[in-house]
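Enquirer: Once you've had a glance at the structure underneath, I'll fire off some questions.
Where a number appears in this text, it was derived from the coordinates with a stated rule and is not lab data. Just so it is clear, the model here is predicted, and its values are computed rather than measured. FYI the Cβ positions are ideal-geometry reconstructions off the backbone, even for glycines, and counts take in every protein chain you see.
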Amino acid sequence: MRRFYRSEAPEILTVIKDGKPLWQVYGEEYAQKRLAKAKPLFKFQWPQVKGKTLNQHLLPDLKAMTDDHCSYCDGFPLKRGDDTIDHFHPKTNPAFYEEVCKWENLYIACKHCQEAKDDDFEEKLLRPDGADYQYNRYFVYDYIQHKILPNPLASFLERESAEKTIEILDLNHISLCISRRHSFQRHDKDDNPVLSDYDFRFMFE
Ligand SMILES: [Zn+2]
């Protein structure tokens, strides 16, 4: 999981409606519908804004922050169906209904990470844009098995967070280890590697 820096929330979320930023209005509407306990349970749908769904407005800004890589595994390029938006705090958890359109809760994520994370949430899960987050602080890379491991020099709590993050995002799934090995070999033979063209960039930094 490579560090990225979050940009300011796009105007489409912060414009004021009825005295509140729009992201908050959408969150409250969603919470109300979910809590109405109608059957079947109301499922989240991105609101329509200016002729398209809100996620379509947000995707370019989310992708710009990660150079089109997955926020969690750093997979690249994102394939069709891969460029979905993950809710860090799951939208199915009543504690987080109101964050469903909150900028800081949204991450571009590949299919692997979306499916692995699903509705799981743990306070220990690391955010790639967390205030103190740095890949090297929490993780080390095993260049033989191509696994991501908790940094043995990190504090106990940091190692716990690293372990939980690896587990929840299934970052050492065999398919990711093989992809990282291929990427590493390709990079090794590349006379003039352009970092943003590679996936799993934390291996090369
Ligand atoms: Zn991913």
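Enquirer: If you take the residues in segment 82-102 that are out of contact with any Phe, Trp or Tyr (no Cβ under 8 Å at 6 or more places or on another chain) and charged (D, E, K, R), which one is nearest to the ligand (Cβ to nearest atom)?
Expert: That would be Asp82.
Enquirer: Something else: Has segment 64-81 got at least one residue that is within 16 Å of the ligand (Cβ to nearest atom), closer than 19 Å to Arg6 by Cα and not in a loop (DSSP other than H, G, I, E, B)?
Expert: Looking through segment 64-81, at least one residue is within 16 Å of the ligand (Cβ to nearest atom), closer than 19 Å to Arg6 by Cα and not in a loop (DSSP other than H, G, I, E, B).
Enquirer: For segment 133-152, which positions are of a type in the set (Ser, Thr, Tyr) and in a loop (DSSP other than H, G, I, E, B)?
Expert: Selection gives Tyr133, Tyr143.
Enquirer: Further question: Would you say Asp129 is more than 23 Å from Ser7 (Cα to Cα) and more than 14 Å from the ligand (Cβ to nearest atom)?
Expert: Judged against the criteria, Asp129 is not a match.
Enquirer: Here's something else I'd like to know. Given the condition free of Cβ contacts under 8 Å to residues at least 40 places away in the same chain, surrounded by fewer than 18 Cβ atoms within 10 Å (Cβ to Cβ) and either more than 14 Å from the ligand (Cβ to nearest atom) or outside any loop (DSSP other than H, G, I, E, B) (or both), answer yes or no: does some residue in segment 105-116 qualify?
Expert: Checked against the condition, which is being free of Cβ contacts under 8 Å to residues at least 40 places away in the same chain, surrounded by fewer than 18 Cβ atoms within 10 Å (Cβ to Cβ) and either more than 14 Å from the ligand (Cβ to nearest atom) or outside any loop (DSSP other than H, G, I, E, B) (or both), segment 105-116 yields at least one hit.
Enquirer: Taking the criterion of being outside any loop (DSSP other than H, G, I, E, B), of a type in the set (S, T, N, Q) and either touching a Pro at 6+ places or on another chain (Cβ under 9 Å) or over 20 Å from Ser71 (Cβ atoms) (or both), would at least one residue in segment 185-203 satisfy it?
Expert: Taking every residue of segment 185-203 in turn, at least one turns out to be outside any loop (DSSP other than H, G, I, E, B), of a type in the set (S, T, N, Q) and either touching a Pro at 6+ places or on another chain (Cβ under 9 Å) or over 20 Å from Ser71 (Cβ atoms) (or both).
Enquirer: What is the one condition in (1) free of Cβ contacts under 8 Å to residues at least 60 places away in the same chain; (2) over 30 Å from Phe200 (Cα atoms) that Ala31 does not satisfy?
Expert: (1)
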